[in-house]
Structure formats: C-alpha cells, structure tokens
1. For residues that are in contact with a helix residue (DSSP H, G or I) (Cβ under 7 Å, 6 or more places away or on another chain) and not β-branched (V, I, T), tally how many sit in the range 134-147.
2. Being within 22 Å of A92 (Cα to Cα) and of a type in the set (A, V, I, L, M) is the filter here, so list the residues in the range 193-219 that pass it.
3. Within the range 308-320, identify whether any single residue is surrounded by fewer than 18 Cβ atoms within 10 Å (Cβ to Cβ) and more than 19 Å from N167 (Cα to Cα), and answer yes or no.
4. Might you check whether a residue that is of a type in the set (S, T, N, Q) and over 27 Å from L120 (Cα atoms) occurs anywhere in the range 195-210?
5. Would you call T12 in contact with a helix residue (DSSP H, G or I) (Cβ under 6 Å, 6 or more places away or on another chain) and either surrounded by fewer than 13 Cβ atoms within 10 Å (Cβ to Cβ) or modelled with pLDDT under 95 (or both)?
6. Residue by residue through the range 256-296, note down the ones that are assigned to a helix (DSSP H, G or I) and either closer than 18 Å to R168 by Cα or small (G, A, S) (or both).
Amino acid sequence: MAAKNSYSYKLTSEQQDTLEALLRSGNYRPIRVEHTRIAVELPTCNISLYKSGTCLVQGKGAAEFVEFTLEPLVLMAAGLGYEDILNPEATAPHMGVDESGKGDFFGPIVIVSAYIDPALAETMRKMDVKDSKQITSDKKALRLGEELRNLLGNRHSVVKIGPSAYNRLYSKMRSVNTLLAWGHARAIENLLEVIPDCPQAISDQFGSKEQVERALMKKGQKIELVQRHKAESDLAVAAASIIAREMFLRSLKQQEEYHKTTMPKGASAGVREWAVELVKKKGPTVLLETAKCHFKTTDQVLAAAGSSREALGPEGQAVSKPFTYRKKSS
C-alpha cells in the first residue's frame with residue numbers, strides 16, 4: 001500500500017505571499033503549470049500555488065515538504081503526523097455509513113457501513129482513503145474498494161437494493177429519504193451483529209435522524225447516530241463511500257452483461273438516450289428491472305419511446321413520484 005503523495009491546502013492571502021516568496025528565493029526549479037501564481041519542482045515533489053489560493057504538493061516527497069517546510073514556515077501549524085493528537089475522536093472506534101447510486105437512473109442503490117479504530121485508521125491513511133466523489137477513475141474506485149473490503153473483512157456491511165426491489169420499496173415508502181433511512185438502519189444493524197459494542201455511527205445528513213432511529217431494531221437502539229454535512233471527511237464514512245461505489249459499479253456491470261447493453265451512470269440527457277433505445281429494444285417494463293422508476297427520467301424516456309407509464313402496469317404506476325404542492329411564499 002503506497003503512502004499518501006498528494007496534499008492540498010487552501011491558503012490565506014498572507015500565506016500565499018509567504019509561500020510565493022519562499023519558492024522564489026529557495027533552491028526550486030520553476031515549471032509552467034496553468035492557472036498558478038508560481039509552480040516549482042524538487043527532485044521528489046512538485047509544488048503548485050494556484051491563483052485560487054490552493055496549494056497542491058505532489059510526489060513521493062510531498063509529506064516531507066509539508067511537514068518540514070509548508071507547516072512550520074507557511075501554515076504556522078503542525079498537522080501532518082499529529083492528526084490523532086489534534087483530533088483523537090477521528091480515529092476512535094466507530095462506524096461510518098454512506099451510499100452510492102442514489103442519483104443514478106440505472107443500477108442499484110448500495111449502502112455500506114464500515115468500522116474503524118486507530119489501527120485501521122492508520123492503514124487507511126496510507127491507502128489514501130478519501131470520499132469516493134474525489135475518485136474520478138472507476139478503475140481506482142474498484143481497486144481501492146476491494147482493498148478496503150479485504151482490510152475490513154467482516155467489519156463492514158453491504159446493503160444492496162437492486163432496481164426491482166428499489167421500485168417495490170419506493171412504491172410503499174413514497175420517499176427516497178425513508179428508503180435511505182431503512183437501508184442505513186439495516187447496514188448499522190448488520191455491523192452491530194459483529195461489533196455489538198460499537199458506540200457511534202456517522203453518516204451524511206440526508207433527512208431526519210429520527211427516521212433512521214425509528215428504523216433501527218433492538219441491536220441498534222443504544223448506538224449514537226450522528227448526521228453531519230460533508231460527513232465524508234470522516235475516515236469511516238469515506239471508506240464506506242468507496243466500498244459503496246465499488247459495489248455499485250460491479251452491480252451495474254452485472255446488469256449490463258445480463259441485458260447485453262451499456263447502462264451509463266448518472267441521469268443526464270445521454271443516459272435518457274440510452275434508456276430510450278433500451279425501451280425500444282426490450283419494451284417499457286425493462287425499466288422496472290434496470291432503473292429507479294420514480295425519476296422523472298422514466299416519463300421522459302417512455303414518451304420519447306412512444307409509450308407512457310401505463311405501459312409499466314400497476315407496479316410501474318405505483319412507483320411514480322407523487323406531486324407535492326408547495327405554497328409560494330408571499
């Protein structure tokens with residue numbers, strides 16, 4: 001497992017001036033990097049100070065530059081290598097919960113809970129674990145997700161809700177947040193079967209925390225639930241997000257192989273075009289098996305294919321997103 005070799009910091013105007021003066025006066029070789037105030041290279045790393053105020057340090061010697069130059073001379077604070085001292089709660093035993101596929105028309109929604117303690121946190125940092133949304137390569141998400149599953153073993157849980165099950169649940173619950181609360185509760189309960197004394201579960205803020213608490217069964221009644229914005233900054237949540245993305249990608253691939261067609265990610269115009277061709281080829285009801293049918297994309301696809309939601313039958317009509325009247329503020 002490679003050590004982390006990329007660090008990014010948002011600098012104040014004063015810190016930017018200090019860093020620029022340091023890089024211009026030191027033994028650094030200037031290089032051209034677009035949109036930077038200054039960019040230099042060392043034998044073991046590159047330093048780029050962008051006009052936005054972001055400083056990016058990359059290379060096998062990045063950690064050394066941050067720890068011995070950037071922190072003491074520019075940031076005026078010690079952080080690298082002191083994370084556990086500065087924020088011991090970050091690596092204390094707890095689980096993180098996150099999901100993938102919520103915004104994708106095709107494929108399942110996958111909800112994962114992942115456990116960390118100080119030893120696991122140290123290993124995850126060496127693996128450069130971060131929010132899956134920052135991992136732009138599917139190949140990297142697949143590799144890192146598998147590595148995390150191997151590291152955690154039974155200290156993680158995967159709840160996968162395929163399109164057919166998703167559509168059935170949505171037709172009963174009528175709310176994505178209620179469905180997510182149910183899935184989060186299941187992922188928490190499953191992990192508590194293995195680690196019954198886990199004290200806390202952290203997740204992103206997607207709805208009412210009470211929804212998750214109500215969905216928890218006996219084993220989960222005593223765990224502390226914490227919902228916060230940008231929860232992916234928590235290492236356990238970041239690990240859960242990567243595994244969830246990995247399992248979503250693998251499930252989507254299986255779905256593609258079964259139906260012998262490409263099913264792109266997201267819910268863009270390109271996705272709608274693919275869906276229209278799929279409906280023309282296999283009929284409207286194929287969406288019940290492959291897609292989240294409460295998306296307005298469903299009606300757009302059916303209309304473009306010369307059909308309507310009635311062609312999905314009673315089940316498909318039950319999944320349609322209900323109209324919610326919101327009174328305009330005066």
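1. 6
2. V194, I195, A201, I202
3. no
4. Looking through the range 195-210, at least one residue is of a type in the set (S, T, N, Q) and over 27 Å from L120 (Cα atoms).
5. Spelling it out, it is not the case that T12 is in contact with a helix residue (DSSP H, G or I) (Cβ under 6 Å, 6 or more places away or on another chain) and either surrounded by fewer than 13 Cβ atoms within 10 Å (Cβ to Cβ) or modelled with pLDDT under 95 (or both).
6. Hits for the range 256-296 are A269, G270, A275, V286, L287, L288, E289, T290, K296.
The values are calculated or read from the model by the stated rules, or taken from the named source; none is laboratory data. Predicted model only: the values in this text are computed from it and were never measured. Cβ: placed from backbone, ideal geometry, glycine included. Neighbour counts: every protein chain shown.
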